[in-house]
Structures are given as structure tokens and as C-alpha cells.
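The values are calculated or read from the model by the stated rules, or taken from the named source; none is laboratory data. Since we're looking at a predicted model, the values are computed, not measured. With ideal geometry, Cβ positions are generated from the backbone for all residues, glycine too; neighbour counts draw on all protein chains shown. Accessible surface is based on the protein model in full, side chains and every heavy atom, while ligands, DNA and RNA are left aside. Shrake-Rupley method; radii C 1.70, N 1.55, O 1.52, S 1.80 Å.
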Amino acid sequence: MRTLGTGGPVVSDLGLGCMGMSDLYGPADRAESIATIHAAIDAGITLLDTGDFYGMGHNELLIRDALRQRSRDDVRISVKFGAQRDYDGAWIGYDGRPSAVKTSLAYTLRRLDTDHVDVYRIARVDPEVPIEETIGAIAEEVQKGRVRHIGLSEAGAETVRRAHAVHPISDVQLEYSLLSRGIEREVLPACRELGVAVTAYGVLSRGLLSGHWSKDRELGAGDLRAMSPRFSGGNLAHNLALVEALRALAEAKGVTVAQLAIAWVLGRGADIVPLVGARRRERLTEALGALEVRLTPEEVARIEAAVPEGAAAGERYAPAQMAMLDSER
């Protein structure tokens, strides 16, 4: 178990990111998604991460239905809000106004059929609204008992400091993997200075580090990765060559590539909680195996030599996506 920041909730070493069960990674099977959530809870995972814009509320309703067969008290639910999308799913902005905070939370509580959210966070900082106003509005909901803890997502170091000055921040959700280590320069040190944890998403770099990706895999129009520079052309070939270097190290240790990549993130500090985006039980089982992997300093050095910082070819997002999804960094 790990604690999300000073005074934050105690959660499992791994969290389950539920986005792909509803949106952005192509079709998902509802029954299998619910079975995967059940399997995660049964295996001891207590942190479920979602967003009110994942499938336009679909993901929250899916979690609601899954928890009808489990105890709400067995999990901590982390919710992102504020992302604005049109009917076709296009990203059209962020809304961090206090009125949006209160409206979004009200809808979330109804969809989840619960009286509180364990961690509530704006998906990206709204450049038109001072972060102090957004955090202040969430803090009012903390006082009313409808939110237990406040988080941030993809925020820069200065924003984290400003937000934390208004109300203690439990954690910042950031992409972090062997292929995405940018947070190590400024944001992660700032979080550690303040006693703020990191919930790390994209630990398998959207499947690139899973060990199961093929250069011939076809991606549908509804799959975010179809637009990702890291999954296209020569960039993909370069990145898959990095994966093969990891595969040799994984096989020597008797683990899978995915388990090695997750174990690396787990080993970066007890204040970092990786979120695994498993949509099927078989992938969940594989991810859970990372909890048994212990890496020696020598093995960590070999892993980082195989995939040095900045080794990935291509940005995290396409230019059109970058402006909307990477607003602070």
C-alpha cells in the first residue's frame, strides 16, 4: 500500500486506469470490463481512476455498475473533470470555473451513485481561470464531505505550488514511463518538496511497452494512438526496437516486458503509484505480476541503458492534440 501525499488516502501499490474501457483505445467489451474491475478489486487493487469525459459519462456508469457487486468502501475513486468535448468526441477546451466544478461534481456523484469522490481533479489546467479559484471551489466540496482529497493532472511545478498553497494536494496525475521521463526535471522534484504524490499513467506508453505491440497492428479511427507520432512510420520502428532491447532483459529475468516496465516505475519511489490501463483480465494478471519483480541497482542501470532518457521517437501527442492535452508541459 502507498499513501497519496501527506495526509492523502492509502491506496494499493497499483491503480486501475479505466479510461480504455469506454473511450479512446477502440472498442471494449462491457462484460469483460466489469469482470476486470472485479478481478482488480479481488486482487487487492483499491484505486480506480476515471474521468467524467471518458465516453461522455459512460466510464463512471460502468464503474457504478461494477461496484453494485462490491462494496464502495473497498475502493478509492479518482475522478478528473473539466475537459470539454463535442458530440464527435473532439477536444474543445477546459473549464475550471467554480460553477463548472460544482456542476461537474454533482453529475459525477449521480452517475457513480455515491455520496463522495475520494480524489477530485481538473483534467488539465484551465488557462482562463486562476488555479486558486478552481482549487478553492473543490475545497468547498471537501468541507461539505462530497470530496475527500484534491488532486491535479498534468500540471506544471509552479501550478502545483500555487494549488497546494490553497489546499493540500494529495497527488498529481502525470504520464511517466521509460519513454516519458520529462517529469523528472521539474514537476517530480516540486511534488516531493511539497509532500505530494504522483499517480503515473501511461506506464506502458499506451501499449508500446507492453511487449505485445506489432508494427502491423491496425488502429481504428476511434483509437487515440492512430494520431500519435510514436505509433507511426519510422518512429514506431525505432520505438519497437527499444522494446526488443527490453525484451532481452525481461527474458533474462524471467518476466515479461510489461512487468519489467511497470516494475521500473514502481521502483522510482513509494510516492509514485502506477496506473495500469488493463481492459481485460489477462492483461490485468500480467500487470499484477510486476508487484513480485524486484530490480537490483545493476538491473535498473541496464534497463535505463537500453532505453535512455529521451530515447523515444516522436512526441507524446500529435501537434493538434498537444495544444489541448499538454497545456502546461
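The alpha carbon centroids of segment 40-66 and segment 194-216 are separated by 18 Å. Ranked from largest to smallest solvent-accessible area, with a 1.4 Å probe on the protein heavy atoms, 107, 54 come out as 107, 54.
Among 205, 22, 99, the order of accessible area from largest down is 99, 22, 205, computed with a 1.4 Å probe on protein heavy atoms.
Of the residues 215, 102, the one with the largest accessible area comes first in the ranking 215, 102, computed with a 1.4 Å probe on protein heavy atoms.
In the chain, what is the volume of the convex hull around the alpha carbon atoms, normalised per residue and reported in Å³?
Hull volume over Cα atoms, normalised by residue count, gives 122 Å³.
Our coupling estimate for segment 226-241, obtained by passing each phi through the Karplus curve with A = 6.51, B = -1.76, C = 1.60 and θ = phi - 60°, is 5, 9, 7, x, 6, 9, 10, x, x, 4, 5, 4, 4, 5, 5, 5 Hz, Gly and Pro reported as x. Solvent-accessible area of residue 36, all protein chains in place: 0 Å² (probe radius 1.4 Å, heavy atoms, ligands and nucleic acids excluded). In degrees, nearest 10, range 0 to 90: what is the angle between the Cα axis of helix 297-306 and the longest Cα principal axis of the chain? Here the helix axis deviates by roughly 80 degrees.
Positive contributions from Lys and Arg (+1) and negative ones from Asp and Glu (-1), summed over other residues with Cβ under 15 Å from the Cβ of residue 285, come out at -1.
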